[in-house]
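Structure, as structure tokens:
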Amino acid sequence: MKTIFRPLAAILLALSLSLSLGACSSNPTRQQVGVATGAVVGGVVGAALTGGSTTGTVAGAAAGGLVGNELSKRR
């Protein structure tokens, strides 16, 4: 059974990677950059404040993404 799942897993991985790279074919908008930047910074801050806990990192990334979204909206 293991020999059947390895090639299938490799094919699914290659397919998902090619689809995700295809999504990056255009330049990101200002709002997308703001959300991504906010999520990264929020995740790092959340991890630092909680000693690297998964919950703190995810919560920080979510909060950072929301803040980045709000700050990047055109006024």
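None of the figures in this text is laboratory data; all of them are computed from the coordinates on show. Quick caveat: nothing in here was measured; it's all calculated off a predicted structure. Virtual Cβ from ideal backbone geometry, glycine too; neighbours counted across all protein chains shown.
Scan region 51-68 for residues that are over 12 Å from the mean Cα position of the chain (by Cα) and surrounded by fewer than 16 Cβ atoms within 10 Å (Cβ to Cβ) and the total you get is 6.
Conditions (1) exposed (fewer than 13 other Cβ atoms within 10 Å of the Cβ); (2) hydrophobic (A, V, I, L, M, F, W, C); (3) in contact with a Ser or Thr (Cβ under 7 Å, 6 or more places away or on another chain), marked per residue:
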{"site": "SER16", "(1), (2), (3)": "yes, no, no"}
{"site": "LEU19", "(1), (2), (3)": "yes, yes, no"}
{"site": "VAL40", "(1), (2), (3)": "no, yes, no"}
{"site": "VAL45", "(1), (2), (3)": "no, yes, no"}
{"site": "LEU49", "(1), (2), (3)": "no, yes, no"}
